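One structure is given below, encoded as structure tokens.
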Amino acid sequence: MDISFYSRFHAPLESAYLEEVLASGLETDGLFMKRLLDCADSLYPGCRFLFTPSCTLALETALACLRLHPGDEVLLPSFNFPSAANAVLRHGGRPVLCDITPDTQNISVRDASNRLTSRTRAVIAMHYAGVSAPLGGLKKLADEAGIALIEDAAQCVDAYYEDQPLGTVGDMGCVSFHHTKNAVCGEGGLMITKNHGHWQYARQYRLHGTNRAGYLDGEAARYTWNLPGSCTALSEPQAALLLAQLQCLSLITRSRLHVTEQYWKQLAPLEERGIAMRMRIPAYARPNGHIFYLRFQDPALLNSLIPALAAHGIDCKTHYVPLHASPMGEKLGYHKEDLPESLACYQTLLRLPVHTALTDEDIARTTEAILRFV
Ligand SMILES: *Cc1c(COP(=O)(O)O)cnc(C)c1O
């Protein structure tokens, strides 16, 4: 494939920072973590942060703060990566899968509110493609039901709901720096919160359930085991890499948005001819060019298009098997037909290559190959 689906951004200062970190003692939450926290302060003003080895572990850390009881329920969309559902299970809760709306592929507020019960403790919004879920409606739902709103903002660094960065609207938000995301450090994640109590709990969870962070900040004479914790701190070499990446974030976002805007313009004929819908961006959402997708009318056409594009050296991908239709979803008692919009999305969605190394010629070659095939 000469037009690859992913290609990570190379930040100019990566090597210099790595050399600097290798000369250090590699202490957890060392010099680069301090610099990373300053950088996070400017991206997410007024919030508290915990950098973690993955978004998955950030979600587990966030779910720990809810202190679920067995049988407590957490609402989340079925068209999703398994991390949030795993985090609910790991902390003793029951994931309650909700359907999506076909315009944005994000959780349907109406379907989520129909699934509220006296056991519901939280709703987890996932912002697909870096396009904000309907946070206004979800926040209202959460406030009225007295439950927490958590954002799975894995795909969302530098994406916004109105003027607020995704991950900062809910009680807690989690971002990913996995190699497939916009800014990368091999594996990495971030938990964001404005809630002091959650931050205090999460900060101990992240360091083995101890108050070691407070002790190092001079808040206690010694540290001890206070709660059921884990080890979810990001290492210094990864912090160094991530700092170099985040310092280039506006460049990365601009470059990716250029790609998605070209796709949008050049693929208009698919919509005019009723063949496929281009991804929709609601007025409240300011995306980051994480994904560009199409939804085809005819799943058979999509299935024959993928190998045809591959034959031209262009790597395009479908996306999630909805959680409710997976073998694990079946074990949780779901049937394929239960959430029809999620199933339809799985059958008809195609993602095109988006990364900072794509040229205008690559983009034109991709859209021409698609238009010629259909
Ligand atoms: C990538 C992704 C995750 C997992 O992130 P990691 O950093 O790999 O743990 C979770 N949820 C969603 C929606 C994702 O896209």
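The values are calculated or read from the model by the stated rules, or taken from the named source; none is laboratory data. The structure displayed is predicted, hence computed values, not measured ones. With ideal geometry, Cβ positions are generated from the backbone for all residues, glycine too; neighbour counts draw on all protein chains shown. Remember, those area values only see protein heavy atoms, side chains included, never the ligands or the DNA or RNA. Shrake-Rupley method; radii C 1.70, N 1.55, O 1.52, S 1.80 Å.
Some points to look at:
- Residue in region 295-302 that is of a type in the set (Asp, Glu) and not in a loop (DSSP other than H, G, I, E, B) present: no
- The criterion of at least 2 residues that are modelled with pLDDT of 95 or more, more than 16 Å from the ligand (Cβ to nearest atom) and more than 18 Å from residue 233 (Cβ to Cβ) is met by the following strands (runs of 3 or more DSSP E) wholly inside region 1-103: 94-98.
Table: residues versus (1) among the hydrophobic types (A, V, I, L, M, F, W, C); (2) open to solvent by 30 Å² or more (accessible area, probe 1.4 Å); (3) assigned to a loop (DSSP other than H, G, I, E, B); (4) over 21 Å from residue 103 (Cα atoms).
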| site | (1), (2), (3), (4) |
| --- | --- |
| 293 | no, no, no, no |
| 305 | yes, no, no, yes |
| 309 | yes, no, no, yes |
| 319 | no, yes, yes, no |
| 324 | no, no, no, no |
| 337 | no, yes, no, no |
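- The residue that is farthest from the ligand (Cβ to nearest atom), counting only those in region 150-167 that are in contact (Cβ under 8 Å) with a residue 12 or more places away in the chain, open to solvent by 10 Å² or more (accessible area, probe 1.4 Å) and not in a strand (DSSP E or B), is 162.
- The residue that is farthest from residue 359 (Cα to Cα), counting only those in region 1-39 that are surrounded by 14 or more Cβ atoms within 10 Å (Cβ to Cβ), among the small types (Gly, Ala, Ser) and touching a helix residue (DSSP H, G or I) at 6+ places or on another chain (Cβ under 8 Å), is 30.
- Hits in region 50-64 - residues which are open to solvent by 10 Å² or more (accessible area, probe 1.4 Å) and hydroxyl-bearing (Ser, Thr, Tyr): 54, 56
- Per the listing 221, 213, the residue uniquely farther than 23 Å from residue 288 by Cα, away from the ligand (no atom under 16 Å from the Cβ), hydrophobic (A, V, I, L, M, F, W, C) and assigned to a loop (DSSP other than H, G, I, E, B) is 221.
- The residue pairs whose first member lies in region 76-97 and is under 19 Å from residue 170 (Cβ atoms), whose second member is modelled with pLDDT of 95 or more and open to solvent by 40 Å² or more (accessible area, probe 1.4 Å), and whose beta carbons are closer than 6 Å, counting only pairs six or more residues apart or on different chains, are 83/56; 96/115.
- Residue in region 214-233 that is basic (Lys, Arg) and crowded, with 20+ Cβ neighbours inside 10 Å present: no
- For residue 200: the one exception among (1) in contact with a strand residue (DSSP E or B) (Cβ under 8 Å, 6 or more places away or on another chain); (2) surrounded by fewer than 23 Cβ atoms within 10 Å (Cβ to Cβ); (3) in a helix (DSSP H, G or I): (1)
- Leading residue by the ranking (nearest to the ligand (Cβ to nearest atom)) among those in region 117-149 that are of a type in the set (A, V, I, L, M, F, W, C) and within 11 Å of the chain's Cα centre (by Cα): 126
- Residue ID - nearest to the ligand (Cβ to nearest atom), chosen from residues in region 181-194 that are in contact with a helix residue (DSSP H, G or I) (Cβ under 8 Å, 6 or more places away or on another chain) and open to solvent by 20 Å² or more (accessible area, probe 1.4 Å): 187
- Residue that is farthest from the chain's Cα centre (by Cα), among those in region 345-357 that are open to solvent by less than 30 Å² (accessible area, probe 1.4 Å) and within 18 Å of residue 280 (Cβ to Cβ): 348
- Of all residues in region 113-125 being touching a residue at least 24 places away in the same chain (Cβ under 8 Å) and surrounded by fewer than 24 Cβ atoms within 10 Å (Cβ to Cβ), the one that is nearest to residue 66 (Cα to Cα): 121
- A Cβ distance below 6 Å, combined with a sequence gap of six or more or placement on separate chains, defines the contacts here; from region 338-365, residues that are within 30 Å of residue 11 (Cβ to Cβ) reach residues that are in a strand (DSSP E or B) and open to solvent by less than 30 Å² (accessible area, probe 1.4 Å) in the pairs 350/294; 351/293; 352/292; 353/3; 354/292; 362/3.
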